[in-house]
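Chemist: I'd like to ask you about the structure that follows.
The values are calculated or read from the model by the stated rules, or taken from the named source; none is laboratory data. Just so we're clear, the structure is a prediction, and the values are computed from it rather than from any experiment. Cβ sites come from the backbone with ideal geometry, for glycine too, and all protein chains shown count toward neighbours. Ligands, DNA and RNA are excluded from the accessible area calculation, which covers all protein heavy atoms including side chains. Shrake-Rupley method; radii C 1.70, N 1.55, O 1.52, S 1.80 Å.
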Amino acid sequence: MSALRMTGAVYKSIRAHGEETYPHECCGALLGCYEAGEWAVKDAVRAGNTRTDSAHNRYHIAPVELVKIEREARSRGLDIAGFYHSHPDHPAQWSETDFAEAHWIGCAYVITEVAQGRAAVTNSFLLAGTTEEDKRFEKQTIEING
Ligand SMILES: [Zn+2]
């Protein structure tokens with residue numbers, strides 16, 4: 001199983017974001033470096049949830065916002081390592097929608113279950129494969145360091 005490394009500050013920040021937006025979903029991007037075949041996440045960038053029609057069960061980062069996040073990452077010598085969002089009162093497992101909307105192959109998709117307003121389980125899934133046709137989610141461990 002692959003691992004997603006992140007600092008304790010990032011881990012806390014993405015879980016806190018889910019608690020703040022409860023009962024709605026939160027979402028954001030993970031910035032990091034690719035080291036020895038694995039992502040080391042250095043920072044998490046919060047994004048506005050643009051899915052105002054049903055913000056409790058879907059998430060989306062506006063393309064314009066994503067371009068801004070990517071540009072900022074590059075200027076700091078980082079890349080987009082993945083994305084995170086919360087599942088209010090739902091398990092930290094990816095949904096069909098999550099899978100359909102995941103296009104960044106090689107990146108990590110982190111999901112936090114927020115139960116009754118409290119962050120519970122946080123899981124990470126690597127989007128493996130080479131194309132849209134053979135992409136798949138593979139569960140990975142989250143290693144907190146620093
Ligand atoms: Zn989801």
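Chemist: Scan (1) surrounded by 14 or more Cβ atoms within 10 Å (Cβ to Cβ); (2) farther than 23 Å from E19 by Cα for the single condition P88 breaks and write down its number.
Modeler: Evaluating P88 over (1) surrounded by 14 or more Cβ atoms within 10 Å (Cβ to Cβ); (2) farther than 23 Å from E19 by Cα leaves (2) as the failure.
Chemist: Take H60 and tell me if it is open to solvent by 60 Å² or more (accessible area, probe 1.4 Å), within 12 Å of the ligand (Cβ to nearest atom) and within 13 Å of the chain's Cα centre (by Cα).
Modeler: Considered against the rule, which asks whether it is open to solvent by 60 Å² or more (accessible area, probe 1.4 Å), within 12 Å of the ligand (Cβ to nearest atom) and within 13 Å of the chain's Cα centre (by Cα), H60 comes out as yes.
One line per residue, one yes/no per condition, for (1) part of a helix (DSSP H, G or I); (2) of a type in the set (D, E, K, R); (3) out of contact with any His (no Cβ under 8 Å at 6 or more places or on another chain); (4) open to solvent by 50 Å² or more (accessible area, probe 1.4 Å):
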position: M1; (1), (2), (3), (4): no, no, yes, yes
position: A9; (1), (2), (3), (4): yes, no, yes, yes
position: K12; (1), (2), (3), (4): yes, yes, yes, yes
position: H17; (1), (2), (3), (4): yes, no, yes, no
position: A29; (1), (2), (3), (4): no, no, yes, no
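Chemist: Still on this structure, please answer the following. List pairs: first residue in the range 81-100 and within 21 Å of A40 (Cα to Cα), second residue within 8 Å of the ligand (Cβ to nearest atom) and charged (D, E, K, R) anywhere in the structure, Cβ distance under 7 angstrom, at least six positions apart or on different chains.
Modeler: Matching pairs, first to second residue: H85/E25; S86/E25.
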